[in-house]
Amino acid sequence: MLTIFGKSWRRNGFCDGYSRRDFIKVGGMALGGLSLPWMLQSDAQAATGSNHRAIINIYMPGGPSHIDLWDLKPDAPAEIRGDFSPIKTNVPGVEICELFPRMASMMDKFIPVRSICDADGRHDAYQCMTGYKRGQREPREGRPNWGAWVSHLQGKVNNAVPANVSMMYPTGNGTWGFTEDGGFLGLKHSPFGLVEKDPMKSSSNMVLNGITLERLRDRDGLRAAIDSFRRDVDSKGIAESMDVYDQQALNILTTTKLVEALDLSKEDPKTLEHYGDNDPKYRRDGAPAMARNFCVARRLVEAGARVVSLNYSRWDWHGGDGMNFPRSRQEFPLLDRGMAALVQDLHERGLDRDVSVVLWGEFGRTPKINKNNSRDHWPRVSCAMLAGGGMKTGQALGSTNKYGEHAVDRPVKFQEIFATLYKNVGIDTGKIRLFDNSGTPQYMVEPGMRPIEEIS
């Protein structure tokens, strides 16, 4: 990882005196602090909107409670129904939690999925990033994340922005902060990371001393610094991957439009206000609640990214300082605001048919409330929220029994959602078979898994 610092600037910045726009990253898989390549728009993509299809994957680390989000059970006993009541949405017959009034008012633009039935049950982003359960037979080189598949099959939209990018914050629970990588498809298709937990102290971060934003036009100095960095990493056995990142970074870093492209204040203040404010505090071993990263994800798509993955907050609420209902009262309104702003933003910019959004976690939560006024792990059923992508929005998909214990109508598997989103970006998973380095056939989803007909 390379970091290039500009002048220290404390106003509206980080506590260490550097603002988000003051540092730029080069390279790294699932690391880095809002990095340059994804904030740039190439000349070909300068206008609002884009001519490519994309996916924004929002992962909720820890397992959000399906029964408190989109599948409330108001007629169940108190130890199951919990503290919240359902509210009507603008789609007749579809109700969601009362703490999501913004999303409820535009439910015609969403699809709550209430019947995911095959969660692995691990505290792990793996299934939300690959579609597969961890431990299933996989290639020796690893299973690609879904952005790697899209990158391999469709390539880059332009030379300024890689197809597969990550805004996953490194987390105390490491499995909540990793998108997986290019696997057998290779490092060049791995997610190019954008955020880093602590850019000033992280041992994974390499600072280019003496190279600042003010000296970016000194191309010889920049190349010398990167060459020095390459010699350092050669001894660590990752020089091959640096070939890819150097090639991407050199032209990007020397652009004359660098500072303006990085400056999020160039957004209409009213637009940013709709997303709410970022909360940079870490939720224990989870991620910070960076609501404006939803807006950054939209910017990345406009700039040319095909798949953007990010993690948001922490949703593992068993008890103690993480009791389910107090935490829900804090988190749900923030999520409501961010998600409503993102989807409305996509519609207003004419991106709603080209950009798919998925919001989900690794499993659901027990219908019965435990002694700590919380809900425990429940892989038998979980949920998701979909939007955009030309899908048939304005309907709820699937249902559970009267206590929210298991799916009774239209059970949905993770890979069906993957196949649907792949279709949305123009890939027919039924026609894709590649061979790994051992000659074993590999598939984007398991043979027989098809897009969800009801919403496609």
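Inside region 131-182, can you point out the residues that are acidic (D, E) and within 26 Å of I116 (Cβ to Cβ)?
Here is the first cut: in region 131-182, the ones acidic (D, E) are 138, 141, 180-181.
Those that are acidic (D, E) and within 26 Å of I116 (Cβ to Cβ): E138, E180, D181.
Test A125 against the criterion of being buried (at least 18 other Cβ atoms within 10 Å of the Cβ) and closer than 21 Å to V408 by Cβ, and give yes or no.
Taking the combined requirement at face value, the residue does not satisfy it.
Does region 277-299 contain at least one residue that is at pLDDT 80 or above, more than 18 Å from the chain's Cα centre (by Cα) and of a type in the set (S, T, N, Q)?
no
Within region 181-192, can you find the residues that are under 15 Å from V308 (Cβ atoms) and assigned to a loop (DSSP other than H, G, I, E, B)?
S190, P191
How many residues, within region 417-456, are touching a residue at least 40 places away in the same chain (Cβ under 8 Å) and over 26 Å from the mean Cα position of the chain (by Cα)?
Residues flagged as touching a residue at least 40 places away in the same chain (Cβ under 8 Å) and over 26 Å from the mean Cα position of the chain (by Cα) within region 417-456 amount to 4.
Going by the structure shown, is D108 within 26 Å of N424 (Cβ to Cβ), at pLDDT 50 or above and of a type in the set (D, E)?
yes
Only residues that are over 9 Å from G182 (Cβ atoms), in contact with a helix residue (DSSP H, G or I) (Cβ under 8 Å, 6 or more places away or on another chain) and assigned to a helix (DSSP H, G or I): list them for region 148-157, please.
Scanning region 148-157 gives W149, V150.
When residues of region 71-97 are filtered for being of a type in the set (S, T, N, Q) and in contact with a helix residue (DSSP H, G or I) (Cβ under 7 Å, 6 or more places away or on another chain), how many remain?
Step one: list which residues in region 71-97 are of a type in the set (S, T, N, Q), which gives 85, 89-90.
Right, trim to in contact with a helix residue (DSSP H, G or I) (Cβ under 7 Å, 6 or more places away or on another chain) and you get 89-90.
The total comes to 2.
When the residues of region 162-180 are filtered to those that are under 25 Å from F435 (Cα atoms) and part of a loop (DSSP other than H, G, I, E, B), which remaining residue is modelled with the lowest pLDDT?
P162
Run G121 past the list (1) of a type outside the set (K, R); (2) in contact with a strand residue (DSSP E or B) (Cβ under 7 Å, 6 or more places away or on another chain); (3) on the phi < 0 side of the Ramachandran plot and report the number of the one that doesn't hold.
(3)
List every residue pair whose Cβ atoms lie under 8 Å apart, where the two residues are 6 or more positions apart in sequence or sit on different chains, the first residue falls within region 135-163 and is farther than 17 Å from R53 by Cα, and the second residue, located anywhere, is outside any loop (DSSP other than H, G, I, E, B) and among the aromatic types (F, W, Y).
Final answer for the pair search is P139/F184; R140/F184; E141/F184; G142/F184; R143/F184; P144/F184.
Tell me which of these N424 doesn't satisfy, since it passes every other one: (1) polar (S, T, N, Q); (2) closer than 30 Å to D352 by Cβ; (3) touching a Pro at 6+ places or on another chain (Cβ under 8 Å).
Unmet for N424, out of (1) polar (S, T, N, Q); (2) closer than 30 Å to D352 by Cβ; (3) touching a Pro at 6+ places or on another chain (Cβ under 8 Å): (3).
Report whether or not L99 is more than 21 Å from V357 (Cα to Cα) and touching a residue at least 24 places away in the same chain (Cβ under 8 Å).
On the way: more than 21 Å from V357 (Cα to Cα): no; touching a residue at least 24 places away in the same chain (Cβ under 8 Å): yes.
Considered against the rule, which asks whether it is more than 21 Å from V357 (Cα to Cα) and touching a residue at least 24 places away in the same chain (Cβ under 8 Å), L99 comes out as no.
Whether any residue in region 414-421 is out of contact with any Asp or Glu (no Cβ under 8 Å at 6 or more places or on another chain) and surrounded by fewer than 15 Cβ atoms within 10 Å (Cβ to Cβ) is what I want to check.
Among the residues of region 414-421, not one is out of contact with any Asp or Glu (no Cβ under 8 Å at 6 or more places or on another chain) and surrounded by fewer than 15 Cβ atoms within 10 Å (Cβ to Cβ), which makes the answer no.
Select from region 158-176 the residues that are of a type in the set (G, A, S) and either crowded, with 24+ Cβ neighbours inside 10 Å or in contact with a helix residue (DSSP H, G or I) (Cβ under 6 Å, 6 or more places away or on another chain) (or both) and list them in ascending order.
Hits for region 158-176 are A160, A163, S166.
So I211 passes all but one of these: (1) more than 19 Å from the chain's Cα centre (by Cα); (2) assigned to a loop (DSSP other than H, G, I, E, B); (3) at pLDDT 85 or above. Which condition number does it fail?
It is condition (3) that I211 fails.
Tell me, which helices (runs of 4 or more DSSP H) lie completely within region 65-125 with 2 or more residues that are acidic (D, E)?
none
The values are calculated or read from the model by the stated rules, or taken from the named source; none is laboratory data. As the structure is a computational prediction, the values presented were derived from the model and not from experiment. Every residue, glycine among them, receives a Cβ derived from its backbone with ideal geometry; neighbour counts consider all protein chains shown.
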